[in-house]
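Structure first, commentary second.
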Amino acid sequence: MKYLLRHLGLYLVAIWVSLTLNFLLPRTMPGDPVTALIGRMHGKFSPEQIEALRKAYGFTNAPILQQYFAYLSHVLTGDFGLSISAYPAKVSAIISTALMWTVLLGIVTLLVGFVLGTILGVIVAWRRGGILDSVLPSLFNFIGSFPYFFLAMLSLFILGFLLKWFPMSHAYSDLLSPGWTWEFVGSVALHLVLPAGTVILVSVGGWLIGMRSTMIAVLAEDYITMAEAKGLPQWQVMFQYAMRNAILPNFTQFGMSIGFILGGQILTEIVFSYPGLGFYLVRAVTAHDYPLMQALFLMITVAILIANLIVDLLYVRLDPRVRVS
Amino acid sequence: MSASMQITPSEKTPARPERAQSAQLEFFRGLLSQQKALFGIIILAIFLLVAIFAPVISPGDPTRYVGRQNQPPSSEHWLGTTGQGQDVLAQVIVGSRISLLVGFTVGLLITLLGLAIGMTAGYLGGFADGLLNVFTNVFLIIPALPLLITLASFLPPGIVTVTFVLTITSWAWPARVFRSQTLSLREKDFVFASVVSGEGTFRIIFTEILPNMMSLVVSSFFGNVIYAIGADVGLAFLGFENVTTVSWGTMLYWSQNNSALLQGAWWTFVPPGLCVALVAFATTMLIYAVDEITNPRLKTEKEISSVLKKFHITARRSTPVIHEHAA
Amino acid sequence: MNTPPEPALLDVRDLRVEYLTARGPVGAVDGVSFTVNPGEVVGLAGESGSGKSTIAHAILRILRPPALITGGEVIFAGRDTLKMDEAELESFRWSNISIVFQSAMNALNPVLRVRDQLIDVMQHHGFPKDQANKRAKDLFDLIGIDPQRLDAYPHELSGGMRQRAVLAIALALNPDLLILDEPTTALDVVVQKDILYKIAKLREVLGLSILFITHDLSLLVEFSTRILIMYAGEIVENAPAHELFNQPLHPYTVGLMNSFPSISGEKRRLTGIPGSPPDMVAPPTGCRFHPRCPKAMPICSQTAPIMKAVSADHSAACHLY
């Protein structure tokens, strides 16, 4: 319990820091977003409208603390205001669809990568000195040296452009409209292959190597020797005795990597023009669309924290020694 | 029954060939670990030399328009031309300067900052540690790339900005690592002896604790360099750096922006990507070599696998049995 | 020499085990032979590093790399464990020979309940679940732990309870031979006595044979039928327990006995054995003990002594005899 509460406390502090950063940053820069908006609209606003806009974006002349609390209350009610680059679309509308795609891509890459990497790590560690053990770790090390998005570009070029096996952008075919049809789901799946595939390829190595090293440490333990002395079948020793224990440190590692992978997903989304939070974030930054930018940054952070919380809950279930405290 | 099997000394096993090969095994092992380090050092040295002598080596000004756009590699332009008609090879060579400079500088800064915060937290303990720890964990949890982008968008693009934002978003991981190492070193007897004999805190940290962490600091430094080069390239790719300067990252940015992929112009993005990968891989080899020297367990494991292979013993789970007359 | 009327339960013949290290192969066990007869408690005593645990693990073929068994036979009920393949070993282990490891703390899987670790081996040998559970309860009653503790995790039990739980697991399939590898070394003295007493009672009840490995010779006195003394990978003396204590033959045995205080006996000076255990990569020539032996003779550094019967049932490997 203490374990969970401690982590929860950390996440709340992290959210607060993100919120505050979000609030402070635009205000430390010269100019303000409203001026930017007016620039885009080629000055078609009356002074009263400008004043109203300023108020809507929170840039009033009130003392800063008051602005801060107004901002916080807006965020907590989900009112992120209006986008500047897509004026007058609501920010919350834009991010809700983007959130969906990011979560989809993220879940696929995280789960598949982790499961695949873990199982491979178990097998590689079990047969130490075997063929797989000599080849796989070094191979994945090499793959992991490439900047991730470079591999993405490479795969896009070879598999998308040259071989035309996979679509080169977006989350689903432009010819279809979203709905729960087989055609649509199939198109979504097809468009997932390259983006998810490249991330999985790069991340599997990390999981494999991590699992392999914890497995090696666990396999040297006495309870493994005892399990084998008991004459238990190999698969039982490998999974119920070895893997069950070796996976625990990797779980905490998984938690920490979620932030890295979900955060880095921005690059994937750019290369493949995948309409997730990261894709819109980059566009928003280029367009100086502060309200959208703030909301996106916040959303990404919250998604990561929630994922971390889920992992923490799972960990407590898996490791009986933590439950007691 | 114990008395029935009598082994006379002369029947004891004669000197087997394996005993002479033990010396071979040691030498081989040493060579292998040196090989990795050698490979890493050579590659890094090549890149460093290229970066230092770039203006001399480069076949011309990388920003000048020298030919038609998106030309494939030819005898005139060994790596072809970019979407703006510039020489790719020139760009790769000159671009190495910024990429490597930022990478090593940021790597160094991250390591130093992480050391400062991590060692302070680890050594002081108590309230200071608690506070610094929460601070570190928050920075660990908040996703780096989105934070990087957000920060970079507010600041004027340029090397200083990049160095600054990269440093303040990435120090948390090394800080954590150094803190836990300091914590465990703090409990050792030789530190206790220094404390009891009245040595000042700073002296203890710098003369007792830090030297014992050196191999960790070195591996961490190299790891941070790899990360920094990658992150810098990533930032540039997204367009958050000064895209008029030439670096491996901006090359990739322009390649993407000029839709190189849709035109099949692979030579505009493969060379810079390969360079980053090579530098990263070479540095990783260096880290492995350092690890192997300092971690005895890794050495034993390598020996075990190589010896098992030599005796043609497939690694099963039960203890293998060989009989002398069969060998 | 006495020929036992029944065939030996365990017959180890000229067992050799090496460890492959960077400095070369190290002979950990060098031509060890002994028997355990049905109903016997055979004690195997020696310093740490003498090879005693290696023998125990070699019998069951559970030694880890870089260990290699390089010769000999381990005959149990007519079958040589050194010749078995993986499948045969799987069914042979635990039902015929089981082992209690040194520190139970590490021998139990931290993420499984004790019950699960107790019944899994039974289920693997064909017990249906409810029968296995009943037997688990009976075993815990037998070794004196409240069966409610079956559902605990290992970290929730005390050191002594864990060792007893490991003992219960070792008895799960009613083995003919129980190997105890330093079963009490990691425990405090009071708990030690308690466990040994328990084991002695169990032996009576279940008719076990035991191979008891320890560096503490004093434990073997009340407990074993016969004692083997090991030094540097070889057996140097083999005698019935009381005879060994009354009349130790090998100088090493004498040295060992003089280094342990006896709580009840008269006060005497403790003398250790001078020198240190030999480097097993290049052991001393001739008799391996000669550099530390107070009775060394010129022949001792030249020729290795052979295990010889000095009296009926008492053998020693020493040039004195």
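Quick rundown of the values:
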read-out: C-alpha long axis of helix C:189-206 to longest principal axis of chain C, angle in °; value: 70
read-out: Chain C, dipole about Cα centre (Lys/Arg Cβ +1, Asp/Glu Cβ -1), debye to the nearest 20; value: 560
read-out: Unsatisfied cross-links (Cα-Cα over 25 Å) in the set A:K230/C:K83; A:K230/C:K52; C:K83/C:K137; A:K230/C:K137; value: C:K83/C:K137
read-out: The protein assembly as shown: calculated mean residue ellipticity at 222 nm from DSSP helix runs of at least 4, using -39500 (n - 2.57); value: -18500 deg cm²/dmol
read-out: Directionally averaged shadow of the protein assembly as shown, computed from the convex hull of its alpha-carbon atoms, nm²; value: 50.7
read-out: By average C-beta atoms within 10 angstrom, highest first, the peptides C:75-83, C:295-303; value: C:75-83, C:295-303
read-out: Using alpha-carbon coordinates, inclination of helix C:114-124 to the longest axis of chain C, degrees; value: 90
read-out: Mean Cα-pair separation over length for chain A, i.e. relative contact order, pairs under 8 Å, 6 or more apart, %; value: 27
read-out: Shielding of A:134-147 by partner chains, average beta-carbon count, 10 Å; value: 4
read-out: Taking C:D151, C:D11 and counting other C-beta atoms within 10 Å, the order from fewest to most; value: C:D151, C:D11
read-out: Cα gyration tensor of chain A - equivalent ellipsoid semi-axes, whole Å, descending; value: 45, 26, 15
read-out: Nearest 10 degrees, 0 to 90: helix A:2-28 Cα axis against chain A principal axis; value: 30
read-out: Cα gyration tensor of the stretch C:149-275 - equivalent ellipsoid semi-axes, whole Å, descending; value: 30, 18, 13
read-out: For the stretch B:29-127, Kirkwood radius (reciprocal of mean inverse C-alpha pair distance, Å); value: 16.7
read-out: Net +/- balance of residues flanking C:P147 in space, Cβ distance below 14 Å, scoring K and R +1, D and E -1; value: +3
read-out: Sites C:D216 and B:I52, calculated FRET efficiency, Cβ-Cβ separation with R0 56 Å, nearest 0.05; value: 0.25
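Computed from the coordinates by the stated procedures, all read-outs in this text should not be read as laboratory data. From a predicted model like this one, the values you see are computed outputs, not experimental measurements. Virtual Cβ from ideal backbone geometry, glycine too; neighbours counted across all protein chains shown.
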